[in-house]
Amino acid sequence: MNAIEADGLRRTYRQRTGWLSPKLIETEAVRGVSLSVARGELFGLLGPNGAGKTTTIKMLNTLLIPTAGTARVAGFDVVRQTREVRRRIGYVFGGDRGLYDRLSGLDNLRYFAELYGVPPREQRRRIAELLDLVGLAGRERERVEGYSRGMRQRLHIARGLLHEPQVLFLDEPSIGVDPVAARELRRTIADLAATGTTVLLTTHYMAEADELCDRIAVIAGGVIRALGTPAELKGGTGTLEDAYVSIVGEVQPA
Amino acid sequence: MSAIGPGTTPATTTGVRAERAIAAGASAARVVIVGALLHVKQLSRSPFEIATAFIVPLVQATLAVYLFRAGTEPHLLLEAAVGAGLMGVWSSVLFGSGGAIQNQRWQGTLEMLMIAPRPAVLTLLPVTLANAVTGTYAMLGTLAWGWALYGITPDFRDPLGFVAAAAGCVAGLGMFGLLLAATFVLLRNANALTNTLEYPIWLVSGMLVPISALPGWTGPIAAVLPTTWGARAVREAAAGGPIWPSLAACLAIGAACLALGTLALVHVERRARVTATLALA
């Protein structure tokens, strides 16, 4: 059984504008995405801004309901078996948001450990392990508002791993992170995949995708344009960036 | 796979089920308590929110004291201070349910709360309870202000009853807040709605002006609001009167709001996933 299976996923956003003569604006963010990710695989989703990467991830991690199509994560349907899916997934996104800034890193982890159902007796050990893993040991009692971007990102990752998820969704985790921290982040991601965690990663950094991913899908205009191993996409010559530009360059910007 | 095997009996399976139910209940209680404490911590570290929680009720209490002094019942000054404090608790719950949901959305934590493998009620109730708890800062502030500036001694007829009534009022309003939060999850501009609800509710609930002084048609509305009964219990503890029936009514209506909010959240969460209102973009 694959860790992730998506079949014909579509997502349309509807927005109403205006009061006197309201208009309904429809945007098709994802237009029939099908993919499968094997257990323990590190799968990359590349694409320009607005290509549908985050929308695809949010349909797979139960935050959005697809307009059409079906998806299963860890064997459970993302629409009907939401709780079962949520028990088995972690979600990490890039940027400064998503944490309680006025609380310490430790308080953030304690709270989400409760929410994610980590047994109370295991919480202390699990949190200590994760603080070590992401290099925040010794800084956990400081308020998050004083953390650097890299520290916040590492705290995001620790939170996403609290309940030892089978499938980890990483949505641009290295955005705004300095090169040294980004290298540490890549090492952490590679270690997770090596220990059997399935990872679905979106990134704009081609070198990162090339180094980490077993397979890559290039998405543009809500449709998968290419799918294969980094070597297959590169076609034996050039870089992944060359291949990406040639694939995405064929698509008119939305 | 069935839990019933060759070595098990219906009695033991019932026992296992009971143990699981107790464990689930304890786990849910832990989430609510730990969550509420951490949200109180988060809210209490915001100088802006703390200043607002203190200053606005003080202005309202000042107005109330001068109104009461000018009227025929100047002995009710303590009630003015308590009433203004209750308005602060209500404002905190209301803005905590609307504003805090919006704040969670702005700070990107709403999605992280909703993606947790828990019923949505266990992720949002701590937020609304925490806001009710921090609302008591307003009560403490107005009482201290009344004593320091106007010599209003907080000599409650039933001091223990006052503490119980205030705690019950906080719990009742926190549960009411959950019902409000259930609707606010769907609204990207929830804070606009909270602004319009603030004054009418405290007015109708008789927090400052006696309900008997209001038009008759407000009576049925007041009767179904937990704020009315919570305010009555607190005022009875301060000025004398039967606290417990009012407090029981406040908690019963609060519990009904909790049940309704829990049911609503199942629908609301699904609707929010359809309409994509959990995040800003």
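Estimated from helical segments only, the mean residue ellipticity of chain B at 222 nm is -27500 deg cm²/dmol, where each DSSP H run of four or more residues counts as -39500 (n - 2.57). Note on B:Leu197/A:Asp7: beta-carbon distance plugged into 1/(1 + (r/R0)^6) with R0 of 60 Å gives a FRET efficiency of 0.85. Normalised by the number of residues in chain A, the average gap of Cα pairs under 8 Å and 6 or more apart makes the relative contact order 25 percent. Semi-axis lengths, largest first, of the ellipsoid equivalent to chain A are 30, 23, 19 Å, with √(5λ) applied to each eigenvalue of the Cα gyration tensor.
Within segment A:152-191, whose backbone N sits under 13 Å from a point 7 Å along Cα→Cβ of A:His204? Taking a point 7 Å out along Cα→Cβ of A:His204, the residues of segment A:152-191 whose backbone N falls under 13 Å are A:172-177.
Do any chymotrypsin sites (Phe, Trp or Tyr not before Pro) in segment A:17-117 lie in a loop, going by DSSP, with at most 14 other beta-carbon atoms within 10 Å of their beta carbon, and if so which? Those that pass, being in a loop and sparsely packed, are A:Trp19. Each principal axis of the Cα cloud of segment A:1-112 was evaluated for its coordinate range; sorted largest first, these ranges are 50, 42, 29 Å. Compared with the direct C-alpha span, the chain from A:Asp191 to A:Leu20 gains 55.9 nm at full extension, assuming 0.36 nm per residue. Here the Karplus relation 6.51 cos²θ - 1.76 cosθ + 1.60, evaluated at θ = phi - 60°, turns the backbone of segment A:129-142 into coupling constants of 4, 5, 4, 5, 4, 9, x, 10, 4, x, 10, 5, 8, 7 Hz, with x for every Gly and Pro.
Starting from the Cα-Cα distance between B:Asp158 and B:Phe48, subtract it from 0.36 nm times their residue separation and give me the gain in nm to one decimal.
Details: separation 110, 0.36 × 110 = 39.60 nm, distance 3.37 nm.
Answer, rounded to one decimal: 36.2 nm.
Taking a Cβ cut-off of under 13 Å around A:Arg11, the surrounding Lys, Arg, Asp and Glu residues balance to a net charge of +4, with basic ones at +1 and acidic ones at -1. Axis of helix B:10-44 versus longest Cα principal axis of chain B: the two differ by about 40°, to the nearest ten degrees. Note on segment A:149-251: Cα-Cα pairs beyond 25 Å make up 24% of the total pair count. Less than 5 angstrom separates the built amide H of A:Leu64 from those of A:Met59, all sequence-distant by 5 or more or on a different chain.
At the listed q of 0.08, 0.12, 0.13 Å⁻¹, the Debye profile of the protein assembly as shown, built from one uniform point per Cα, gives log10 I(q)/I(0) equal to -0.61, -1.12, -1.24.
Note on segment A:117-187: Rg/Rh from C-alpha atoms, Kirkwood Rh, equals 0.96. Taking amide H as placed 1.01 Å from N in the peptide plane, the amide H of A:Leu45 sits under 5 Å from that of A:Leu201, A:Thr202, A:Thr203, A:Ala217, each at least 5 places away or on another chain. Please determine, in degrees from 0 to 90 and to the nearest 10, the orientation of helix A:240-249 with respect to the longest principal axis defined by the Cα atoms of chain A, where the helix direction is its Cα long axis. Roughly 40 degrees, rounded to the nearest 10.
Annotation for segment A:149-223: trypsin sites (Lys or Arg not before Pro) lying in DSSP loop with at most 14 further Cβ atoms inside 10 Å of their Cβ do not exist. For chain B, the longest principal axis of the C-alpha atoms and the axis of helix B:159-184 are separated by about 60°.
If r is the Cβ-Cβ distance from A:Arg125 to A:Ser34 and R0 is 45 Å, what FRET efficiency results, to the nearest 0.05?
Working: r = 40 Å, r/R0 = 0.90.
For R0 = 45 Å, the calculated efficiency reads 0.65.
Here the average projected area of the convex hull drawn through the C-alpha atoms of chain B stands at 18.3 nm². Put a dot 7 Å past the Cα of B:Val209, heading toward its Cβ, do the same for B:Ala256, and the two dots end up 2.5 nm apart. Each of B:Val266 and B:Arg20 was given a label point 7 Å from its Cα along the Cα-to-Cβ line. The distance between the two points is 1.8 nm.
Any read-out appearing in this document is the output of simple, stated calculations on the displayed coordinates, not a laboratory observation. This structure is a prediction, so every number in the text was calculated from the model and none was measured. Cβ coordinates were reconstructed from backbone atoms using ideal geometry, including for glycine residues, and neighbour counts include every protein chain displayed.
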